[in-house]
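Scroll down for the structure; my scribbles are underneath it.
We did not get these values from a lab; they are worked out from the coordinates using the rules stated. Remember, predicted model here, so these are calculated numbers, not experimental data. Please note: Cβ atoms are built from the backbone with ideal geometry, for glycine as well, and neighbour counts cover all protein chains shown.
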Number of protein chains: 6
Amino acid sequence: MHLRVINPNTTASMTRKIGEAASRIAAPGTQVSATNPASGPVSIESHFDEAVSAVGVADEIRAGERDQVDAYIIACFGDPGLLAARELTRAPVIGIAEAAFHMATLISTRFSIVTTLGRTGIIAEHLLQSYGFAHHCRRVRAAEIPVLDLEDNGASALDRVIAECRRARDEDGIGAIVLGCGGMADLTGEIRDAVGLPIVEGVTAAVKLAEALVGLGLGTSKHGDLAFPRPKPFSGEFERFSHLNID
Amino acid sequence: MHLRVINPNTTASMTRKIGEAASRIAAPGTQVSATNPASGPVSIESHFDEAVSAVGVADEIRAGERDQVDAYIIACFGDPGLLAARELTRAPVIGIAEAAFHMATLISTRFSIVTTLGRTGIIAEHLLQSYGFAHHCRRVRAAEIPVLDLEDNGASALDRVIAECRRARDEDGIGAIVLGCGGMADLTGEIRDAVGLPIVEGVTAAVKLAEALVGLGLGTSKHGDLAFPRPKPFSGEFERFSHLNID
Amino acid sequence: MHLRVINPNTTASMTRKIGEAASRIAAPGTQVSATNPASGPVSIESHFDEAVSAVGVADEIRAGERDQVDAYIIACFGDPGLLAARELTRAPVIGIAEAAFHMATLISTRFSIVTTLGRTGIIAEHLLQSYGFAHHCRRVRAAEIPVLDLEDNGASALDRVIAECRRARDEDGIGAIVLGCGGMADLTGEIRDAVGLPIVEGVTAAVKLAEALVGLGLGTSKHGDLAFPRPKPFSGEFERFSHLNID
Amino acid sequence: MHLRVINPNTTASMTRKIGEAASRIAAPGTQVSATNPASGPVSIESHFDEAVSAVGVADEIRAGERDQVDAYIIACFGDPGLLAARELTRAPVIGIAEAAFHMATLISTRFSIVTTLGRTGIIAEHLLQSYGFAHHCRRVRAAEIPVLDLEDNGASALDRVIAECRRARDEDGIGAIVLGCGGMADLTGEIRDAVGLPIVEGVTAAVKLAEALVGLGLGTSKHGDLAFPRPKPFSGEFERFSHLNID
Amino acid sequence: MHLRVINPNTTASMTRKIGEAASRIAAPGTQVSATNPASGPVSIESHFDEAVSAVGVADEIRAGERDQVDAYIIACFGDPGLLAARELTRAPVIGIAEAAFHMATLISTRFSIVTTLGRTGIIAEHLLQSYGFAHHCRRVRAAEIPVLDLEDNGASALDRVIAECRRARDEDGIGAIVLGCGGMADLTGEIRDAVGLPIVEGVTAAVKLAEALVGLGLGTSKHGDLAFPRPKPFSGEFERFSHLNID
Amino acid sequence: MHLRVINPNTTASMTRKIGEAASRIAAPGTQVSATNPASGPVSIESHFDEAVSAVGVADEIRAGERDQVDAYIIACFGDPGLLAARELTRAPVIGIAEAAFHMATLISTRFSIVTTLGRTGIIAEHLLQSYGFAHHCRRVRAAEIPVLDLEDNGASALDRVIAECRRARDEDGIGAIVLGCGGMADLTGEIRDAVGLPIVEGVTAAVKLAEALVGLGLGTSKHGDLAFPRPKPFSGEFERFSHLNID
């Protein structure tokens, strides 16, 4: 199967890192390709960044359909554009936040989230409520590091994430920690070793869920709410979405 | 005060109609201007349409800031891009779905929604849950008319909406009906007369809520979650959002 | 329009203060009159005080109907007698707690409440749950001042309210603060200046919501749950409510 | 022990009937006295009726304290004035709606309610949500009979209640039915025989819960939210509540 | 009536203690017998202990049916095997956790739980959610004592429980405390004296609820979900459950 | 990896069928073994059947630990003994109900369940609430066939399941159907062909989730709630669980 990992931001180094993390965890028969939109923000740290990135995600799904991709991952912890992406394909589409939440509930009764900036905590809270996991999550914590510090100041950023994870372990009464940023995909092992608790990371979790769905022959339902969008004119810079002819 | 009504789709006739409905209801001191993005879908009937339109909404907020707009309305029932829009301004931003829900709970204990297409019902359900109004809404109903039929086949579309509203009145045990599409803004009076129940329409409700917030000196909080986005590079067709310098 | 602000307690100085706060915020075309029941408690700080005051609220609605009032505000943070009051009139009736909650959710994702006495916190919690705003409110805080201290020891009471608001700002991860007592209506400006966060006060919020509903031609639904009460005999000191002939 | 059953409406024949039902079910050591306020509505079928009756309930608690009553029952299905009543005494106070809900969840996983008028259904819904039983109740049904028809047209009213109970039994997937009116207290046996399902009636349920609490030495907590109200002046017809000196 | 108290663990000294506590609180006409399964764990401190003990509970219900028992109590705070037990009898079956929760909500608006080991807190949380009491409980606290320490180190265990109860009283904003272990049944008085707050203990609460249901003529509904299990073969050590012929 | 599928009932033909369905879907590197307890019910159709089967599940986990199993599936739709099983091992343990729910939410916004007997619907409802998926499930439906009819009257049972699935498809506004019984594991393909909607079956879903967790290096957390049970004496027929020495 061909698995496409979409990094919704435009930072190629992060795309590469995420793609490598995905490849390492992928099953032998899974071919992983990692992309990011040509247009969009270099990192996603607000509702606004999310909203803009959702268009890039849609573009990448369109590109993936041409490449006959079998499953997609949206590799940003806010799952930007997830339902829109699902409408555009019969293939499964997995967000890394939902992937991590699902997996965390399978190995623990309660978990906490450690994310980057405090201001993105509300995004996680909204997802927890919408997905149904609010009562499984004890606390949303932030290490207060900008996303790109994970690229540029790896060591120092890692220290802060580990410190926050330890506080979660000691104070929250939890069984597992969910890492709240796609940019932490390559840090999971080190964090796990330092914290001594199951650490659930979304990119890797999503790879496995995508493989699971493809293995089951399950894709996004085209019956009802997630059916292909009705073809219609789009104007201006989005004219490329006009009269989508998908099936 | 200057109130900007943003129609997130690109159908100018609907923008005009919505703007007129807003103007009619506006207080004497309120100047209403209605716009729509240059780029985007002609109607919004899916998660995908919503996601694309959110960028146009952001553009219109940016334009509004240059025009020193005092308050914004997002005139599509899914409230696309609402939180992103709020991050971009100190002014209040109101979605027409939330506006209608708030108003409906002030005059009744339970309401139903009558929207256009059944497939958009899930969008209303998600908003009800996120805003906290799920238990106030008895049922989300669809007249099963495409949005633009409200433009092109007004009479027939109106008949179907009225018929569905009457079913809601007779079967749902409700005190009010929320109209689930910005394109119904000019039909409220006729529907009210035909149904005999308070009919809450979002565009007009949002005008009044926007005036209320401005009157109170309240705007979007810049403390915490809805602070201005951190300035950063955007690439490609979204380069215009780079290094936003807002205050 | 004629807006009647009902202070459910019998402290005339507070009625005056609330009425002045309402008048200051009212639109030019809005005539504000403030009243309080002749019978009832001097302040409302318990379920019992609330229950007794609800009769006075009903009396004031009855008086308002004779005066052809266009909209009512119940100016006590527990919204005492709100649904009963709605049954007695076609006009809109707004509680100041609900008004503040609605407005706070339009400008922030999460808010805290700062109220007077800790024992009244449960009243706010019950309202948050019933209205649907429980997950929008991070914390209900009390400055531990009796309501009438806001009259009698203004400066010291103000200091305590400001101190508690600052704690909310610094500890709760919020975007706005809701003031939890009608008696704080004249303090909003000072608190806002001292705290530096949007401060939502219920009396002023309710004035604007009442104007909004009247502007929309929306009043309390007489279809279903909030229809006029069935006329019937009342005995004893409540004989005045017998055979209400309302329409 | 001395158990006081307070019928919140002023219809003496109903008070008598309720008192007899309570006496029949009471344990040998329980002395039952039934009262109703001198002032208030003859029946309770709206939020307004409820609000007015709450004052009468408070008066009856005050009278009960003078009579050294050991436990109170509020015998109207909306539990009017329940929390206010609890503040006025160290004795336990039980509402018949809550009593019935508690008992129903102990003998079934899901129940339905059969009440009098459809418009009072919202009161039951609010109580279910506040008490935490919303997901245990499948449906709130109304026989559409005014409360006093249970007095005046017993046979015909009984027929309608039984018919609605049978529909609940056959359509709702339930294990028990809760009767939604104190006026049905004497009909329980006949309904049970006709319907063939456990029928939970609130007055009798409350008698047993009150005996249970007294037997346990448990009364209303005076720590925190339900402590005695702060003594204060009341004016006008409620002057009798001034400077309550309770302990 | 004959009330059977089932201690789900096999520690006879605890069974005796629980039985005595039940007898002391029982009404004159109530005959209490206390039993425990012949097979099972000596204490219940995990999901696993609970699961195993549920079989013993079922055995004890079967034995009780032969003894024509009128009501059952499951005297472990996790209410192990409660719904299974209900299926096996027409008599009422009460768990001590649910009993304590119900009683606590009748005398306070909010309570906290003080249990034995922190790891069993999740069991209480699951029950609170399932029963509908989650929002009535402020906090689940643990004294961090193994269950059998209540037998073997009574004084020291009591000290720790009292200390935790005092913290709950001072920090949680509550009106009552629920004791979270059947083994605390004999300590209630001492704890109450030391803490000065209503203390709700499950065994005694359940006795009174069982008497209440029997007094009402209410037993487990055999309509729907809790009907007798369909008779069927059981193999191996559970062959004794084969072809149950219950009515 | 070695995956152990535990059929909690003792019907060997169903164990075989479930094992074959698991094997067919398993990845090349996954060795599937299917077992059932020696002791227990031949089918699971009630809370009682569930409770008894949980002991057998625990035994099978113990046996699996001796066989160095890498992951476990509990192949009954009520997920009997799931949390107990997790306490007994570091390996992941997946229930087929939770597996199906998780997968269904990844490919649709709303689903319905089609189970065997109506009386087991409550078990599914409880799981939906506990796991957090209640608002994702539109309706729990029953084909009203005993579990073993899936063995003995395959064709007729299949017809009934298909008929109920079609009703779900046409009436419920859903995107996917969850099959509510492990005994339907071999029917998925036929049902999918007949219904034309994604059909999510729990055994196969759980196989893929188990492979996913093992692939991620994630097992049941031993930190906190799901740590190994404290070793202690068990008496009688459960003496084999005494002093468990697990690590």
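For chain D, set up a Gaussian network in which alpha carbons nearer than 10 Å are linked by springs, and say which option among D:A185, D:A51, D:A176 fluctuates the most.
For chain D, modelled as a Gaussian network with Cα springs under 10 Å, the answer is D:A51.
Kindly write out, for the stretch F:144-152 in residue order, the coupling ³J(HN,Hα) from the Karplus curve 6.51 cos²θ - 1.76 cosθ + 1.60 (θ = phi - 60°), rounded to whole Hz, with x marking Gly and Pro.
Taking θ as phi minus 60°, the curve returns 6, 10, x, 3, 6, 4, 5, 7, 8 Hz for the stretch F:144-152.
May I ask for log10 I(q)/I(0) of the stretch A:5-119 at q = 0.15, 0.23 Å⁻¹, from a Debye sum over the Cα atoms as equal point scatterers with solvent left out?
Relative scattering, expressed as log10 I(q)/I(0), comes to -0.66, -1.41.
May I ask you to report, in nm to one decimal and beginning with the shortest, the distances from C:P231 to the same position in the other copies, taking label points 7 Å along Cα-to-Cβ?
Between copies, matching label points for C:P231 lie 4.5, 6.5, 6.5, 7.0, 8.3 nm apart.
Can you list the copy-to-copy distances for E:G29, using a point 7 angstrom from Cα toward Cβ, in nanometres, shortest first?
Listed shortest first, these distances are 1.3, 7.0, 7.0, 7.0, 7.3 nm.
Ignore the peptide's own chain and count Cβ atoms of other chains within 10 Å of each Cβ in A:34-47; give me the average, rounded. Can you show the working numbers first?
Working: counts 0, 0, 1, 4, 4, 8, 8, 9, 5, 3, 2, 3, 11, 14.
That average works out to 5.
To the nearest 20 debye, what is the magnitude of the charge dipole of chain F about its Cα centre, counting +1 on the Cβ of each Lys and Arg and -1 on the Cβ of each Asp and Glu?
Details: 23 positive and 31 negative charges, 107 e Å.
The dipole of chain F has a size of about 520 debye.
About the Cα centre of the protein assembly as shown, what is the dipole size in debye to 20, counting +1 per Lys and Arg Cβ and -1 per Asp and Glu Cβ, all else neutral?
Values: 138 positive and 186 negative charges, 0 e Å.
Here the protein assembly as shown has a charge dipole of around 0 debye.
Can you give the calculated 222 nm mean residue ellipticity of the protein assembly as shown, where each DSSP H run of n ≥ 4 adds -39,500 (n - 2.57) and the sum is split over every residue, rounded to the nearest 500 deg cm²/dmol?
On the way: 54 runs with 644 residues, N = 1482.
Mean residue ellipticity at 222 nm (helix-derived): -13500 deg cm²/dmol.
Taking the Cα centre of each part, how many Å lie between the stretch A:42-60 and the stretch A:106-151?
Between the Cα centre of the stretch A:42-60 and that of the stretch A:106-151, the gap is 18 Å.
How do F:105-117, A:232-244 rank on mean C-beta neighbours within 10 Å, highest first? Can you show the working numbers first?
On the way: F:105-117: 25.2, A:232-244: 16.7.
Listed from highest to lowest mean packing, they are F:105-117, A:232-244.
If you take the C-alpha gyration tensor of the stretch A:148-247, multiply each eigenvalue by 5 and take the square root, what semi-axes do you get, largest first, in whole Å? Please report the intermediate quantities before stating the final value.
Details: eigenvalues 307, 78, 29 Å².
So the equivalent ellipsoid measures 39, 20, 12 Å along its semi-axes.
Tell me which residues come under 5 Å, amide H to amide H, from A:V32 once H is placed; ignore anything under 5 positions away on its chain.
Placed amide hydrogens put A:L3 under 5 Å from A:V32.
Hull surface divided by four, with the convex hull built on the Cα atoms of the protein assembly as shown: how many nm²? Intermediate values should be presented prior to the final figure.
Working: hull surface 187.6 nm².
With every direction weighted equally, the projected area is 46.9 nm².
So what's the projected area for chain C, the Cα convex hull averaged over all directions, in nm²?
Numbers: hull surface 50.4 nm².
That works out to 12.6 nm², a quarter of the Cα hull's surface.
Rounded to whole Hz and in sequence order, give me ³J(HN,Hα) for the stretch B:234-244 from the Karplus expression 6.51 cos²θ - 1.76 cosθ + 1.60, θ = phi - 60°, writing x for Gly and Pro.
10, 10, x, 5, 9, 4, 4, 8, 5, 6, 3
Size of the dipole of the stretch D:97-202 about the Cα centre, Lys and Arg at +1 and Asp and Glu at -1 on the beta carbon, nothing else charged, in debye to 20?
Values: 10 positive and 15 negative charges, 96 e Å.
Roughly 460 debye for the stretch D:97-202.
Based on the Cβ-Cβ distance of F:M1 and F:N153, what FRET efficiency does E = 1/(1 + (r/R0)^6) give at R0 = 35 Å, to the nearest 0.05? Present the calculation step by step, with values, prior to reporting the outcome.
Numbers: r = 36 Å, r/R0 = 1.03.
With a Förster radius of 35 Å, E is 0.45.
Given the peptides A:164-173, D:141-150, D:193-202, arrange them by the average over their residues of other C-beta atoms within 10 Å, most packed first. Could the numbers behind the result be given before it?
On the way: A:164-173: 17.9, D:141-150: 20.8, D:193-202: 22.7.
Going from most to least packed, we get D:193-202, D:141-150, A:164-173.
With N denoting the number of residues in the stretch E:97-201, provide Rg(C-alpha) divided by 2.2 N^0.38 Å, to two decimal places.
Normalised Cα radius of gyration, the stretch E:97-201: 0.96.
For the rotation taking chain D to chain A, which residue of D has the Cβ nearest the axis, and how many Å away is it?
Nearest residue, distance rounded to whole Å: D:H135, 7.
Taking the Cβ of C:L83 as the center, what net charge do the other residues with Cβ under 10 Å away carry, scoring Lys and Arg +1 and Asp and Glu -1? The partial results should precede the final answer.
Working: positive: C:R86; negative: C:D79, C:E87, C:D225, D:E50.
For residues surrounding C:L83, the net value is -3.
Taking a label point 7 Å from Cα toward Cβ, how far is D:R139 from its twins in the other copies, in nm, shortest first?
Inter-copy label distances (nm, one decimal, shortest first): 1.3, 1.3, 4.4, 4.6, 4.6.
Which semi-axis lengths, in whole Å and largest first, follow from the square roots of five times the eigenvalues of the Cα gyration tensor of the stretch C:95-137? Walk me through the intermediate numbers first.
Values: eigenvalues 55, 23, 19 Å².
Equivalent-ellipsoid dimensions as semi-axes: 17, 11, 10 Å.
Return the loop-located GluC sites (Glu not before Pro) in the stretch E:1-85 (DSSP other than H, G, I, E, B) with at most 14 other Cβ atoms within 10 Å of their own Cβ; answer none if there are none.
Numbers: sites: E:E20, E:E45, E:E50, E:E60, E:E65; in loops: E:E45.
Taking the stretch E:1-85 and a limit of 14 other Cβ atoms within 10 Å, no loop GluC sites (Glu not before Pro) are found.
If you wrap the stretch B:1-69's Cα atoms in a convex hull and average its projection over all directions, what's the area in nm²? If you can, show how the numbers build up before the last one.
Details: hull surface 17.9 nm².
Across all orientations, the stretch B:1-69 yields a mean hull projection of 4.5 nm².
If I take every Cα pair under 8 Å that is 6 or more residues apart in the stretch B:89-247, average their sequence separation and divide by the length, what percent do I get for the relative contact order?
29
Considering the options D:A58, D:V161, D:P146, tell which one lies farthest towards the positive end of the dipole of chain D, charges being +1 on Lys and Arg and -1 on Asp and Glu at the Cβ, about the Cα centre.
D:A58
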